[in-house]
Amino acid sequence: MGLSDISYDIVTALQNKLDAVTVYDQYIEDCQQAGNQQCQQLFEQMKQQDEQQVEQLRSALEQMVQQGQFH
């Protein structure tokens, strides 16, 4: 038996956001090396937003597990 659609969606979205957060540091470094502050600020903002969304998804997943809705 596989995961329900919503459980799969939450886990997949969380994984995608976590993957993105891990590569932003490289993008930010690339912008710094190129001397492109605008690009750097864009990726820093995107990283911060994704980190906030990671927390929201983690909380949703935790709540689903606690309520027995993760299956």
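For this structure, a couple of remarks:
- Residues within region 1-57 that are within 26 Å of G68 (Cα to Cα) and part of a helix (DSSP H, G or I), tallied: 21
- Conditions (1) assigned to a loop (DSSP other than H, G, I, E, B); (2) open to solvent by 80 Å² or more (accessible area, probe 1.4 Å); (3) in contact with a Leu (Cβ under 8 Å, 6 or more places away or on another chain); number of the one not met by Q69: (3)
- Listed by first and then second residue, the pairs linking a residue in region 16-32 that is more than 16 Å from V54 (Cα to Cα) and open to solvent by 60 Å² or more (accessible area, probe 1.4 Å) to a residue that is not in a helix (DSSP H, G or I) and not hydrophobic (A, V, I, L, M, F, W, C), with Cβ atoms under 9 Å apart and 6 or more places separating them unless they lie on different chains, are D30/N36.
The values are calculated or read from the model by the stated rules, or taken from the named source; none is laboratory data. Since the structure is predicted, the reported quantities are computational estimates derived from the model, not experimental observations. In this analysis, Cβ positions are derived from the backbone assuming ideal geometry, glycine residues included, and neighbour counts consider all displayed protein chains. Just the protein is used for accessible areas: all its heavy atoms, side chains included, with ligands, DNA and RNA removed. Shrake-Rupley method; radii C 1.70, N 1.55, O 1.52, S 1.80 Å.
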